[in-house]
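Contents: one structure, followed by commentary.
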Amino acid sequence: MRRNFPFAPLFVLGEFGADMYALYCTLAKECKFSYYVFMSSGKKLGENLRKWRLKKNMSQGDLATALSVDRAYISNIENGRMNPTLSTLEKIAGALGISSSELLK
């Protein structure tokens, strides 16, 4: 029996990351993205975040204060160790004065 999971793309940016996407693939029996592509997208997000943060002359601490999060959280995103939720991604983009799509390019 084939199941549809329309929410699966949200896992790409969700805080549960690769583990939840792997679970989705197992349940759906249909993976549309390779694990490599999935993991590299987090690194690209981190690179873009660092680029825009520096372009706006903000430190990790400045951005963390604007978002009311720990500086380590920003560091983890920039280094690809953590993926923000979609709502956090929107907040980050707002604090930087850019659209969230700029962070995902």
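Looking at (1) more than 16 Å from L104 (Cα to Cα); (2) at pLDDT 50 or above, find the lone condition where T85 falls short.
Only one criterion is unmet by T85, namely (1).
Checking the structure you have, find out if any residue of the stretch 51-73 is of a type outside the set (D, E), closer than 19 Å to S101 by Cβ and either at pLDDT below 95 or under 11 Å from the mean Cα position of the chain (by Cα) (or both).
No, the stretch 51-73 has no match at all.
What single numbered condition from (1) of a type outside the set (D, E); (2) modelled with pLDDT of 55 or more; (3) in a helix (DSSP H, G or I) fails to hold for P9?
(2)
Residue by residue, here is whether (1) among the polar types (S, T, N, Q); (2) surrounded by 16 or more Cβ atoms within 10 Å (Cβ to Cβ) holds:
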position: K43; (1), (2): no, no
position: G46; (1), (2): no, yes
position: Q60; (1), (2): yes, yes
position: S68; (1), (2): yes, no
position: N76; (1), (2): yes, no
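Scan the stretch 37-47 and tell me whether some residue there is among the polar types (S, T, N, Q), at pLDDT 90 or above and either on the phi > 0 side of the Ramachandran plot or in a helix (DSSP H, G or I) (or both).
Within the stretch 37-47 (the criterion being among the polar types (S, T, N, Q), at pLDDT 90 or above and either on the phi > 0 side of the Ramachandran plot or in a helix (DSSP H, G or I) (or both)), the answer is no, since none of the residues qualifies.
The values are calculated or read from the model by the stated rules, or taken from the named source; none is laboratory data. Note that this is a predicted model, so its numbers are computed, not measured. We place every Cβ from the backbone using ideal geometry, glycine too, and count neighbours over all the protein chains shown.
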